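J.: What follows is a structure written as structure tokens; I'll ask about it next.
Since every read-out is calculated from the coordinates, none of them should be taken as a lab result. Because the structure is a prediction, the values reported are computed rather than measured. FYI the Cβ positions are ideal-geometry reconstructions off the backbone, even for glycines, and counts take in every protein chain you see.
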Amino acid sequence: MAVSADIKRIAIASGKGGTGKTLLSTNLAACISRSYPTLLVDLDVEEPDDFLFIGGVLQKSLVQYKFIPDWNETQCTFCDSCSDHCRFHAILRLGESIVVFNELCHSCFACSELCPSGAIRMKPQKIGETKEFVTGNLRFIHSCLEIGEEQAVPLIHKTLQLVRNQTGNLPVQLYDCPPGASCPMVAATKDADFVILVAEPTPFGIHDFMLAASTVRMLGKPFAAVINRSDMGDDSLEDYCNTGNIPVLAKIPFSNKISKLYSEGSLVFGNCDVMNPALEKIADYIIQLKLNP
Amino acid sequence: MNEIVILSGKGGTGKTSIAAALASLAGNEVVIADCDVDASNMHLLLQPDFHFSEDFYSGHLARIHPEKCMKCGLCIMKCRFEAIILTGDDYMIDPVSCEGCGYCQMICPLQAISMEERLSGKFYISRTRINNVLVHASLDIAAGNSGKLVAKVKSEARKIAVSEHIPFIIVDGPPGIGCPVISSLAGATFVLIITEPTVSGIHDLERLIPLIRHFRARMACIINKSDINISKTKEIHDYLKQQNILHIADIPYDSLFMESMVKGLTITETGSPLSGQLVNIWTTIKEFLKN
């Protein structure tokens with residue numbers, strides 16, 4: 001589906017965990033949705049927490065699956081094609097049976113489609129659940145990985161597919177991403193036109209910000225920083241941004257009020273105006289963002 | 001040998017700061033394994049010497065040889081990961097999307113695709129400034145397979161602990177509950193959970209505990225920044241009691257954690273009143289592991 005240049009798809013990511021992605025995503029969504037129809041997608045599927053702050057009326061609920069091989073004994077000729085073709089050692093012949101290790105399977109379908117006797121079909125296995133809520137002008141999609149399921153990336157992809165197909169036309173879309181700078185974070189920023197990296201000005205924060213910035217650069221996406229708890233630590237994060245021409249969209253100072261509201265599961269926006277200057281700056285930036293179509 | 005795996009579910013609860021403090025108390029009684037290979041921070045506090053380093057190869061990456069490719073499009077049709085892209089006239093592999101399954105190579109009628117080993121990070125063994133052994137790693141930008149790198153870090157840490165008769169391994173784990181966490185948990189006997197009294201801290205804790213139970217590891221919990229919301233802290237106490245999980249300590253919020261981090265020190269090296277509490281925590285853990 002072609003995406004109109006008027007649609008802003010913004011990923012909110014961080015590198016280090018606990019820097020304030022959920023805080024920013026949920027409050028920014030509340031702030032922007034006063035003026036524009038907004039979509040918030042929680043793609044931190046291992047630990048999705050946005051729903052603790054954003055209520056809404058449940059619209060639909062969808063079980064998400066990945067496909068894993070299922071062996072049919074009667075059709076099998078024990079030719080070993082399946083195990084020879086699997087690079088992940090997820091399907092093996094043990095004596096007179098074929099054993100599948102679900103957690104190793106990447107769902108490439110090679111074993112099934114290359115089986116000469118049709119003895120391997122792909123069967124669905126639940127990996128999580130996606131729920132869609134509406135509250136006022138805000139549409140909210142929440143995806144949650146099954147406990148014990150190792151791979152977050154397939155669920156992130158499925159969630160983004162759903163977003164593209166069903167809610168792709170909302171003018172402002174915020175994607176709350178998983179922490180880190182490797183495959184789950186990359187998957188979550190895949191559809192974004194612009195990335196906001198939330199960072200804190202501490203040595204851990206700067207180190208992980210630099211990692212996340214390198215990843216986003218490699219993906220060729222424009223990005224900017226928001227500095228959370230900006231009055232703690234030191235100036236090296238801001239210096240780094242200035243030297244590297246990374247725009248700092250806003251700074252959110254440490255505040256006991258923010259911590260308290262967050263700890264209770266309340267939005268800061270609407271309950272206390274301490275975040276408002278930062279939220280309004282970021283919202284304006286997003287609305288005025290000129291994206292290359 | 002006892003392995004102490006430090007996990008939290010939620011990021012930013014203080015895993016690394018507390019792991020580093022315990023490491024500085026334990027000195028050469030521990031090998032430290034930094035298993036947050038995606039965004040490792042332990043080296044920032046412990047200043048390791050990186051005396052051994054090795055490239056880490058894991059998985060494969062497809063490569064299309066344009067001189068052999070007739071652009072039949074079969075690979076694009078079969079790839080489930082949208083990893084083959086048409087750039088102008090040429091078929092190319094998108095290294096970020098390629099899972100390395102090799103299906104395209106198997107079915108290419110002209111053998112125009114080969115599979116190559118994938119360099120996905122670096123692996124290190126170090127001596128830290130406080131004389132612990134630190135096993136650590138760094139995953140390459142946007143790389144996958146962090147679970148395998150975690151497994152490598154853990155297995156090397158175990159080898160060193162066994163060969164040098166070091167009684168404890170402290171594993172600083174990643175956030176979340178997915179593949180690198182599961183890899184950090186493999187073979188673990190004891191998990192130290194660091195949580196915080198916020199709704200998200202509690203929610204993520206409630207998702208982490210069943211995962212730990214699945215691995216049949218024993219566990220204990222520390223509530224960090226316990227005074228930012230006393231009633232949530234109380235809620236966690238009740239939950240831990242109900243789950244029959246040992247509650248070791250409440251650590252109040254202290255800006256010294258951050259100030260010591262800026263100086264490259266662990267909290268126990270700053271003369272903070274919390275030092276005494278961390279000494280008690282380390283003693284409690286050792287007692288717990290004896291039984």
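J.: Which of B:279, A:198, B:133, B:162 has the fewest other C-beta atoms within 10 Å, and how do the rest follow up to the most?
T.: B:162, B:279, B:133, A:198
J.: Moving to a separate point now. Where nothing but the Cβ of Lys and Arg (+1) and of Asp and Glu (-1) is charged, how large is the charge dipole of the stretch A:66-126 around its Cα centre, in debye to the nearest 20?
T.: Its charge dipole is roughly 260 debye.
J.: Short version: ³J(HN,Hα) in whole Hz for each residue of the stretch A:69-86, in order, from phi by Karplus 6.51 cos²θ - 1.76 cosθ + 1.60 (θ = phi - 60°), x for Gly and Pro, what are they?
T.: So the J values, rounded to whole Hz, are x, 10, 8, 10, 4, 5, 8, 6, 10, 6, 7, 6, 4, 4, 6, 5, 8, 8.
J.: Restricting to the protein assembly as shown, compute how many DSSP beta bridges are antiparallel as a %, nearest 5.
T.: DSSP beta bridges in the protein assembly as shown are roughly 45 percent antiparallel.
J.: I would also like to ask the following. Using the beta-carbon distance between residue A:161 and residue B:235 and R0 = 45 Å, what value does 1/(1 + (r/R0)^6) give for FRET efficiency, to the nearest 0.05?
T.: Computed FRET efficiency for residue A:161 and residue B:235 comes out at 0.75.
J.: Using DSSP to define loop residues, name the trypsin sites (Lys or Arg not before Pro) in the stretch B:206-281 whose beta-carbon has at most 15 other beta-carbon atoms within 10 Å.
T.: Hits after loop and neighbour filter: B:216, B:263.
J.: What's the extension gain from residue A:273 to residue A:129 if we count 0.36 nm per residue and subtract their Cα-Cα distance?
T.: Gain on stretching residue A:273 to residue A:129: 48.4 nm.
J.: Now for a separate question. Counting only other chains, what is the mean number of Cβ atoms within 10 angstrom of the Cβ of each residue in peptide A:186-193?
T.: Other-chain Cβ atoms within 10 Å of each residue's Cβ, averaged: 2.
J.: If you don't mind, another one. With each run of n ≥ 4 DSSP H residues scored as -39500 (n - 2.57), what mean residue ellipticity at 222 nm is computed for chain B after dividing by its residue count and rounding to the nearest 500 deg cm²/dmol?
T.: -11000 deg cm²/dmol
J.: If you don't mind, there's one more thing I want to ask. At a 10 Å Cβ-Cβ cut-off, how would you order A:248, B:191, fewest neighbours first?
T.: Result, fewest neighbours first: A:248, B:191.
J.: Oh, and also: Could you work out the percent of alpha carbon pairs in the stretch A:1-147 separated by over 20 Å, rounded to a whole number?
T.: That fraction is 61 percent.
J.: Next up: Averaged over its residues, how many other protein chain Cβ atoms are within 10 Å of peptide A:104-110's Cβ atoms?
T.: Average per residue, whole number: 5.
J.: How big is the Kirkwood radius of chain A, worked out from every pair of different alpha carbons and given in Å to one decimal?
T.: After inverting the mean inverse Cα-Cα distance, the result is 20.6 Å.
J.: Counting helices only, and only those DSSP H runs with n ≥ 4, report the 222 nm mean residue ellipticity of chain A as the sum of -39,500 (n - 2.57) divided by its residues, in deg cm²/dmol to the nearest 500.
T.: -8500 deg cm²/dmol
J.: If you don't mind, there's one more thing I want to ask. Classify the stretch A:154-266 as rounded, prolate or oblate from the Cα gyration tensor: take a ≥ b ≥ c as the square roots of its eigenvalues, call it rounded if a/c is under 1.5, otherwise prolate when a/b beats b/c and oblate if not.
T.: oblate
J.: Moving on. Can you list residues from other chains, or at least 5 along the same chain, whose modelled amide H is less than 5 Å from the amide H of residue A:225?
T.: Result for residue A:225 returns A:197, A:248, A:249.
J.: Which number comes out as Rg/Rh for the stretch A:66-126 once both Rg and the Kirkwood Rh are worked out on C-alpha atoms?
T.: So for the stretch A:66-126, dividing Rg by the Kirkwood Rh gives 0.91.
J.: Please give the charge dipole size of the protein assembly as shown, origin at the Cα centre, charges +1 on K and R Cβ atoms and -1 on D and E Cβ atoms. Round to the nearest 20 debye.
T.: 640
J.: Can you sort B:195, A:215 so the residue with the fewest Cβ neighbours within 10 Å comes first?
T.: A:215, B:195
J.: Distance check, please: which entries in A:131/A:257; A:190/A:260; B:10/B:234; A:16/A:190; A:21/A:281; A:60/A:158 exceed 23 angstrom between their Cα atoms?
T.: Over 23 Å apart, Cα to Cα: A:131/A:257; A:190/A:260.
J.: Limiting things to C-alpha atoms, what are the Rg and the maximum Cα-Cα separation (Dmax) for the stretch B:240-291, in angstroms?
T.: Cα only, the stretch B:240-291: 13.6, 40 Å (Rg, Dmax).
J.: From the mean inverse distance of alpha carbon pairs (Kirkwood) and the Cα radius of gyration, derive Rg over Rh for the stretch B:44-95.
T.: 1.30
J.: Also: Work out the charge dipole of the stretch A:66-126 with +1 on the Cβ of Lys and Arg and -1 on the Cβ of Asp and Glu about the Cα centre, then indicate which of A:104, A:82, A:119 is farthest towards its positive end.
T.: Final value for the positive-end residue is A:104.
J.: Still on this structure: Over all distinct alpha-carbon pairs, what is the Kirkwood Rh of the stretch B:207-282 in angstrom?
T.: With all distinct Cα pairs of the stretch B:207-282 included, I get 14.0 Å.
J.: Next up: Count neighbours as other Cβ atoms within 10 Å of each site's Cβ, and list the GluC sites (Glu not before Pro) in the stretch A:40-122 that are DSSP loop with at most 13 such neighbours.
T.: Qualifying residues, ordered by number: A:96.
J.: Let me ask you something else. Quick one: P(r) of the protein assembly as shown from all Cα-Cα pairs, 20 Å bins, percents rounded to integers, in order of increasing distance.
T.: Final binned percentages: 20, 54, 25, 1.
J.: So, one more: Out of the chymotrypsin sites (Phe, Trp or Tyr not before Pro) in the stretch A:34-131, which ones are loop residues according to DSSP with at most 14 other C-beta atoms within 10 Å?
T.: Hits after loop and neighbour filter: A:78, A:101.
J.: Moving on. Starting from the Cα of residue B:186, step 7 Å toward the Cβ, then list every residue of the stretch A:97-114 with an amide N under 18 Å from that point.
T.: A:100-107
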